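The values are calculated or read from the model by the stated rules, or taken from the named source; none is laboratory data. Note that this is a predicted model, so its numbers are computed, not measured. FYI the Cβ positions are ideal-geometry reconstructions off the backbone, even for glycines, and counts take in every protein chain you see. The accessibility values were calculated without ligands, DNA or RNA, using every heavy atom of the protein model including side chains. Shrake-Rupley method; radii C 1.70, N 1.55, O 1.52, S 1.80 Å.
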Amino acid sequence: MAKQEDLFKNVVSHAKEYGYIFPSSEIYDGLSAVYDYAQNGVELKKNIREYWWKSMVQMHENIVGLDAAILMHPTTWKASGHVDAFNDPLIDNKDSKRRYRADVLIEDYAEKLNQKAEKEIEKASVRFGEAFNLEEFVTTNARVVEYLSKKKEILERMARSLGNEDLADVKALIEELEIADPETGSRNWTDVKQFNLMFGTKLGASAENAMDLYLRPETAQGIFVNFLNVQKSGRMKIPFGIAQTGKAFRNEIVARQFIFRMREFEQMEMQFFVKPGEEMKYYEYWKTTRLNWHLSLGLGKENYRFHDHEKLAHYANAAADIEFNFPFGFKELEGIHSRTDFDLKAHEEFSGKKMQYFDTEENKNYTPYVVETSVGLDRMFLAVFSNSLKEETLEDGSTRTVLQLPSVLAPTKAAVLPLVKKDGLPEVARKIIEELKWDFNVAYDEKDAVGRRYRRQDALGTPFCITVDHQTLEDETVTIRHRDTMKQDRVSISELKGIIENEVSMKNWLMKTKV
Ligand code: ATP
């Protein structure tokens, strides 16, 4: 655990030191759970967004984009259920005065049971080797059965109590399980209360006739209210999808995990409209497709898992999370939800406008069902960044810090370095930059010895370093050094574009999303 915490601290400090993420308004001591993306962070974030956008919109003929406003008519949030039900159950510890999400405390307890079961499974698989039968072991080993059934029982009871608004039972569960404040160990809890996560604001000049608005807590509703506008103007036929990326705001109760849980964050969402009755087919399709997208980035298959929801949101008939192994354990990265016709029906009811689709093949009107994929851009950033940060021990015993970002996402694709600051080498380096900058983000660096410059580019995550030396003046060749292997090749300047392109092109990476 201590190791994990250290790793996470390293991630936060590396992000700051190398110009990826700064605390918001830091000169005023920052604003809790709000962050700014710095010169390199903004590039990485843009590349992740583009990688998502291309895979969703450009690669799917039946998905189109949208950029709806953050401010929406307030009735939107009545219809969506956010005014009445976008709550988190909070609980305070009376001794430490710390505030927690009651559901998260219980989920963490359940996860510990899961980990105990996994430990038993791991031990047994080593003991039995080839002969190990996972299914049989999980259903017959007394300890594993107990851990897993207890976990299930706890999560089911929590889901029931939250569904019935029985907050007293949520507290009773915390007490029965003897869950303590993770920071202090105290079990002196207050009652559980509901807390609405939406930020309110006002529209209008004078206090008397100002209109109460909300900052959107999700981008999805901008898609729903525009469903017919897009369908008609784009002559879209079901099944079709609308994709959108943009800011969302939530007044999170507990926000202590850097950019994992922010109060202002960015979502990348896609709502896929289908014929009622076909939603499960598309739900499965999108679960697989989205997991493949994540896997294409090469962060390791073992770092992802699905978590099927026991407790469904008020709008869903099936829901799963893609969880990622963050430095603080497996947590939600993306949600895939079968939202039924809840949203379109609700907007129809509240607006009095028809939100139905005329199916020309069936010659009838119906309200489409919706399958949603929703991933946090900042959480994606954290997944990529934390997984890429490595401390390596080299053959000669020295260490290097390297940010092994998937090269398609790296902010800078190549750094061009003159070996020395004289003899015309800087001029040649500049010329190379002039050629490459039309296709890639490239950087120039002449400060310090070349070895130190390599290390700096490693820590920044730059996939290639191109070094101009005296031989370059004679034969127009340079060395190109690969970040991950540190291997250096001598190539001619005219080959550089092709080499870089091959490694960083979005096309090559996106091809891996197809199975
Ligand atoms: P959690 O259970 O972690 O609060 P959620 O289930 O409320 O998340 P959704 O409403 O399904 O999340 O939102 C979709 C995605 O938006 C999440 O999978 C996550 O990646 C991202 N997201 C949600 N809340 C935040 C936040 N406060 N900060 C950063 N990203 C967020």
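Restricting to region 363-401, give me the number of residues that are farther than 17 Å from ARG455 by Cα, of a type outside the set (Ser, Thr, Tyr) and in contact (Cβ under 8 Å) with a residue 60 or more places away in the chain.
Going through region 363-401 one residue at a time, the tally reaches 16.
Looking at region 408-445 only, could you name the residues that are in contact with a Leu (Cβ under 7 Å, 6 or more places away or on another chain) and of a type in the set (S, T, N, Q)?
THR412
Take residues that are within 16 Å of the ligand (Cβ to nearest atom) and tell me which of the strands (runs of 3 or more DSSP E) falling wholly in region 200-272 contain 1 or more.
211-214, 240-249
Hey, can you tell me all the residues within region 4-33 that are hydrophobic (A, V, I, L, M, F, W, C) and modelled with pLDDT of 95 or more?
Correct list: VAL11, VAL12, ALA15, ILE21, PHE22, ILE27.
Any residue at all in region 424-433 that is outside any helix (DSSP H, G or I) and on the phi < 0 side of the Ramachandran plot?
Scanning region 424-433, I find no residue that is outside any helix (DSSP H, G or I) and on the phi < 0 side of the Ramachandran plot, so the answer is no.
May I ask you to say which residue of ARG143, ARG127, ARG157 is open to solvent by less than 60 Å² (accessible area, probe 1.4 Å) and free of Cβ contacts under 8 Å to residues at least 40 places away in the same chain?
Checking each option against the conditions leaves just ARG157.
Quick one: which residue in GLU334, GLU349 is surrounded by 18 or more Cβ atoms within 10 Å (Cβ to Cβ) and assigned by TED's automatic domain parsing to the domain that holds GLY277?
GLU334
If the Cβ limit is 6 Å and pairs must be 6+ apart or interchain, which residue in region 236-258 that is farther than 14 Å from ASP88 by Cβ pairs with which residue that is in a helix (DSSP H, G or I) and not basic (Lys, Arg)?
Within 6 Å, the pairs are ILE242/ILE223; ILE242/VAL230; ALA243/MET56; ALA243/VAL57; GLN244/ILE223; PHE258/VAL12.
Within region 89-102, restricting attention to residues that are of a type outside the set (Ser, Thr, Tyr) and out of contact with any Asp or Glu (no Cβ under 7 Å at 6 or more places or on another chain), which residue is most open to solvent (accessible area, probe 1.4 Å)?
Among them, the one singled out is LYS97.
Residues that are open to solvent by less than 20 Å² (accessible area, probe 1.4 Å): list the strands (runs of 3 or more DSSP E) wholly contained in region 1-88 that include at least 1 such residues.
Filter on region 1-88 gives 21-23, 63-65.
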